[in-house]
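The values are calculated or read from the model by the stated rules, or taken from the named source; none is laboratory data. Fair warning: this is a prediction, and the values are worked out from it, not measured in the lab. Neighbour counts run over all protein chains shown; Cβ positions are idealised from the backbone, glycine included. With ligands, DNA and RNA removed, areas are computed over all heavy atoms of the protein, side chains included. Shrake-Rupley method; radii C 1.70, N 1.55, O 1.52, S 1.80 Å.
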Amino acid sequence: MNDLDLLDRFGPKPTQLSATALAAARARLDAAMTDAAGSRTRPRRRLPILAAAAAAAVGLAVTPALIGSGGSVALATVDPMTFPLTPAVLPSGLGEPVFEQDANFMAARYGSALNSVSIVTGVDDEDFWAVPDNAPTTDIDGHKASVVHRTVHNGTLDSAPAVTVVWRGDHDWTAVTGTGSYADAGQIETIAESMKDQPQQVDLTLSVAPKGWSVVAYKEDRILTLAAPDDGGAKELTVSLVDRLDRDLSGYAAHDVETVTINGARAQLGRQAAEGADSDWILEARTSSGQPFSLQAPAALTRHQVIEVAEGVTYRP
């Protein structure tokens, strides 16, 4: 997340990924190191700019209809994940947004690490932002806002100027940051003023999920992690995009591997050693659009439920 330097400077450190998410990342790294073609660049789509009122948060909204009860977990249909804000004004050439969510914020980034416009919202604690006492102020939609000038770094020797406009709206704190060529206070204030309570659907989402579970991490439109409420992270479900499928799930040290059908195509389902007596689930398959992904789920889900969740993984290329 070093391309969201606002959080490095003004906010807490990101939540650490779960063991299941890290295992998926290691598997992707192993595959990438043996792929002579190298990593690919994923094309981005253009999200429409709409004007209607919107949802209030990035998250999964669970409907009452239960569809897959069994064991200690019930499944329910869910609404698509969204980011709650849409800027009606953006400079041309920024491309499509990349979304993030953590325990303390939601973010959308347009552009590259050192030439970008970033929107961070969903913040309920003023202390999240380290705003200097002498920072200039402006007005954003009737709310007092602070204007912060600074320098950002991308983890190397490279750096760029940045301007952040931060304000508290009717509910949460929000900040818009321009870096590099977009570090212009007037331009960033215009973008902030144009913000609409209109949701943007994220790329990676689910149509079925464990009832009552919530999103604890959404990383760069590539990793989605849900956790059971009040479970201390013991029960988590993680969906990760992968560049290619592991034919026998050996990269996950899986056992009891079997072939199943997901979205009309062959997929691999197995078990992974976990703390305790039961083994967690690991599955690799393709979405209906053809994107390879992995699904890691706790043993509390049944085999049939894991397949149901996998069938509902959606990716918008």
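Starting from one equal scatterer on each C-alpha and no solvent at all, send me the Debye-based log10 I(q)/I(0) for the stretch 206-315 at q = 0.17, 0.22, 0.24 Å⁻¹, two decimals.
The computed values of log10 I(q)/I(0) come out as -0.76, -1.31, -1.54.
Please compute the per residue accessible area over the stretch 82-201 with all protein chains in place, 1.4 Å probe, rounded to a whole number of Å². All intermediate terms of the calculation are to be shown ahead of the outcome.
Details: 5080 Å² over 120 residues.
Spelled out: the 1.4 Å probe surface of the stretch 82-201, per residue, equals 42 Å².
With +1 on each Lys and Arg Cβ and -1 on each Asp and Glu Cβ, how big is the dipole of the stretch 206-315 about its Cα centre, in debye rounded to the nearest 20? Each step should come with its number before you reach the end.
Numbers: 10 positive and 16 negative charges, 60 e Å.
Result for the stretch 206-315 is approximately 280 debye, rounded to the nearest 20.
Under 1.5 on a/c is rounded, so check that first for the stretch 82-201, then, if it is not, pick prolate when a/b is larger than b/c and oblate when it is not; a ≥ b ≥ c are the square roots of the alpha carbon gyration tensor eigenvalues. Can you show the working numbers first?
Working: a/c = 1.31, a/b = 1.08, b/c = 1.21.
Here the stretch 82-201 falls in the rounded category.
Could you tell me which of rounded, prolate or oblate describes the stretch 193-257, using a ≥ b ≥ c as the square roots of the eigenvalues of the alpha-carbon gyration tensor, with rounded for a/c under 1.5 and, failing that, prolate when a/b is larger than b/c and oblate otherwise?
Numbers: a/c = 2.93, a/b = 1.55, b/c = 1.89.
Oblate, because a/c is 1.5 or more while a/b does not exceed b/c.
Can you pull the one-decimal nm distance between simple spin-label points at Asn104 and Asp184, each 7 Å off the Cα toward Cβ?
According to this spin-label approximation, the distance is 3.3 nm.
Along the Cα→Cβ direction, 7 angstrom out, place labels at Ala234 and Thr259. What is the inter-label distance in nm?
3.8 nm
Please enumerate, by chain and number, the aspartates and glutamates with C-alpha under 16 Å from the C-alpha of Lys211, excluding those fewer than 8 residues away in the same chain.
Asp79, Asp230, Asp231, Glu236, Glu308
From Cα coordinates alone, what are the radius of gyration and Dmax values for the stretch 139-283 in angstrom?
When restricted to Cα atoms, the stretch 139-283 yields Rg and Dmax of 22.0, 61 Å.
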